[in-house]
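Peer 1: Attaching a single structure in structure tokens format; questions to follow.
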Amino acid sequence: MSSSFDVLIVGIGGQGTILASNILGEACLIENKPVKGAETHGMAQRGGSVESHIRIGGIHGPLIPPGQADLLISFDLLEALRYSHYLKKDGLLVTNSRMVLPTSVFTQKLALPKDEEIIATLKKFNLRVLDADKMATEAGSPLSQNVVMLGTACSAMPLKPASLIEAVKRLVPKKTVEINAKAFVAGRAFGGKC
């Protein structure tokens, strides 16, 4: 067993999954906490699945084994379902309420489960569902939904809010710092103070 705090961030290419994992890594560096990470994004540019493993502390390798993630942050409802087997039984799942329809739905005419069915399946975990796209737009840009999600998950992480917000400021484009700071605060208000 690992003594690390394991975070899996998943989404679709273009949603900011890798930036979000970089923000967590930067916050760990700010706090001098050991961190390991790995990501897969081979087909991300085509709307494919992207996953980032972040292990805060611990001594094991960067990949989180199934059933061991303390926190799963999903930028897409369908991706939350796809990766939920990585989460511990008492883990926290923070997911966007929206779904990017995979191209296979159109090309192969595949049926998708309804949002309500996915949420019902995920309720076996400690679940927070939010409309991150709407919250990000209200903060100033729909592109900040990844930072909204980090703010929502903040209370579950072993990182200080000041470190997370400083990491956001260091890594987002300079002209978007204010928008992303608002996005983080909005997500944090939804998820509970950290």
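Peer 1: Just a yes or no: is a residue in region 37-49 more than 27 Å from residue 181 (Cβ to Cβ), surrounded by fewer than 20 Cβ atoms within 10 Å (Cβ to Cβ) and modelled with pLDDT of 90 or more?
Peer 2: Checking region 37-49: at least one residue is more than 27 Å from residue 181 (Cβ to Cβ), surrounded by fewer than 20 Cβ atoms within 10 Å (Cβ to Cβ) and modelled with pLDDT of 90 or more.
Peer 1: Looking at region 160-168, can you tell me whether even one residue there is crowded, with 24+ Cβ neighbours inside 10 Å and among the aliphatic types (A, V, I, L, M)?
Peer 2: Among the residues of region 160-168, at least one is crowded, with 24+ Cβ neighbours inside 10 Å and among the aliphatic types (A, V, I, L, M), which makes the answer yes.
Peer 1: Quick one: would you say residue 78 is within 20 Å of residue 128 (Cα to Cα), of a type in the set (A, V, I, L, M, F, W, C), modelled with pLDDT under 95 and not in a loop (DSSP other than H, G, I, E, B)?
Peer 2: When the stated conditions are applied, residue 78 passes them.
Peer 1: Then there is this: Which members of region 52-74 meet the condition of being within 16 Å of residue 146 (Cα to Cα), in contact (Cβ under 8 Å) with a residue 60 or more places away in the chain and in contact with an Asp or Glu (Cβ under 9 Å, 6 or more places away or on another chain)?
Peer 2: Once the filter is applied, which keeps residues that are within 16 Å of residue 146 (Cα to Cα), in contact (Cβ under 8 Å) with a residue 60 or more places away in the chain and in contact with an Asp or Glu (Cβ under 9 Å, 6 or more places away or on another chain), region 52-74 yields only 71.
Peer 1: In region 118-190, which helices (runs of 4 or more DSSP H) lie fully inside it and hold 2 or more residues that are under 23 Å from residue 56 (Cα atoms)?
Peer 2: Because the criterion is at least 2 residues that are under 23 Å from residue 56 (Cα atoms), the helices (runs of 4 or more DSSP H) in region 118-190 that meet it are 145-153, 161-171.
Peer 1: If I ask for residues that are within 20 Å of residue 86 (Cα to Cα) and part of a helix (DSSP H, G or I), which ones from region 1-21 would you list?
Peer 2: Hits for region 1-21 are 17, 18, 20, 21.
Peer 1: How about region 136-194: which of its residues are over 22 Å from residue 12 (Cβ atoms) and touching a strand residue (DSSP E or B) at 6+ places or on another chain (Cβ under 6 Å)?
Peer 2: 156, 158
Peer 1: Looking at region 123-146, which of the residues that are small (Gly, Ala, Ser) and within 13 Å of the chain's Cα centre (by Cα) is farthest from residue 86 (Cα to Cα)?
Peer 2: Going through the qualifying residues, I end up with 144.
Peer 1: If residue 191 satisfies every condition in (1) surrounded by 15 or more Cβ atoms within 10 Å (Cβ to Cβ); (2) at pLDDT 95 or above; (3) within 18 Å of residue 16 (Cβ to Cβ); (4) not aromatic (Phe, Trp, Tyr) but one, which is the exception?
Peer 2: Only one criterion is unmet by residue 191, namely (2).
Peer 1: Could you list, ordered by first residue, the pairs with Cβ atoms under 9 Å in which the first is in region 8-33 and closer than 23 Å to residue 133 by Cα and the second is polar (S, T, N, Q) and surrounded by fewer than 19 Cβ atoms within 10 Å (Cβ to Cβ), at least 6 apart or interchain?
Peer 2: What qualifies is 13/45; 14/45.
The values are calculated or read from the model by the stated rules, or taken from the named source; none is laboratory data. Nothing here was measured: the structure is a model prediction, and the numbers come from that model. Because the Cβ atoms are built from the backbone with ideal geometry, glycine has one as well, and the counts that use them run over all protein chains shown.
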